[in-house]
Amino acid sequence: MQKIQTQGVHHITMVGADRQTSIDFWEGVMGMPFIFEQPNLDVPAENHLYFDPGDGRLITVFTNENREVDPSRNPEGIGNLHHIAFIVSRAMYTQIAARLDERGIRHSGEVDRGFMYSIYFRDPLGQLLECACYKFDPPPGFSHAAVLHEAHKIRLARGDHHIADEHLADAIQMLIERSQPSLSTDRSPKDPYTARPPLWG
């Protein structure tokens with residue numbers, strides 16, 4: 001028996017209401033270019049819209065002009081989708097609350113998740129969405145997931161409740177030391193300032 005090995009998210013498909021509501025939200029609020037559309041090949045009465053969330057992958061929406069916008073919260077029971085998170089830069093993250101406020105869209109406010117910052121709000125059809133930005137950049141050759149995996153192990157070893165800045169910093173240092181050789185035989189922390197006069201002050 002063999003596993004199925006995935007290599008990333010190909011696309012996420014939502015059930016939308018009318019065509020224009022989807023375009024106005026995904027492109028007009030979220031800034032995702034509307035890249036193409038075609039009939040839903042499984043349900044001829046529906047249209048299928050495609051948006052680029054920023055990484056060349058796809059958010060797609062089935063629309064039908066006979067469906068009305070319903071902002072009621074989507075179900076959050078077992079087996080249901082809870083939320084979708086989208087990557088934003090730190091510069092954009094600091095602007096999101098104000099930009100949602102301009103439109104009267106309720107949101108969570110800024111949330112510190114230990115390893116990332118988040119803000120939550122609902123789309124016009126009641127789906128919970130998150131905009132998130134990592135607190136760190138992974139070293140060259142490594143992914144965010146690789147840093148988080150190492151940070152998790154460090155956190156557990158120290159008995160800490162959740163991943164915080166110190167775990168991320170130490171994980172990045174560990175990955176760099178593992179992957180980049182050095183001419184030094186001792187790479188432990190040093191204090192080159194011992195017994196030296198202050199550099200300023």
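A few comments on the model shown:
- Of all DSSP beta bridges confined to the range 1-65, the antiparallel ones make up roughly 65%.
- Take each peptide in 2-9, 139-146, 81-88, count the other Cβ atoms within 10 Å of every residue, and average; sorted highest first, the result is 81-88, 139-146, 2-9.
- Over the chain, the fraction of Cα-Cα pairs per 10 Å bin, rounded to whole percents and listed from the shortest bin up, is 7, 24, 28, 21, 11, 6, 3, 1.
- The residue among ASN66, ASN47, LEU81 whose Cα reaches farthest toward the positive pole of the charge dipole of the range 11-134, with charges on the beta-carbon of Lys, Arg, Asp and Glu, is LEU81.
- Rounded to the nearest 20 debye, dipole of the range 52-182 from Cβ charges on Lys, Arg, Asp, Glu: 140 debye
- Antiparallel DSSP beta bridges within the chain, as percent of all bridges there, nearest 5: 65 percent
- Note: relative contact order over the chain, using C-alpha pairs below 8 Å and six or more positions apart, is 14 percent.
- Within-11-Å neighbourhood charge of PHE121 [Cβ basis; K, R +1; D, E -1]: +1
Just so you know, all these numbers are worked out from the coordinates, no wet-lab data involved. Note that this is a predicted model, so its numbers are computed, not measured. Cβ atoms come from the backbone with ideal geometry, glycine included; neighbour counts cover every protein chain shown.
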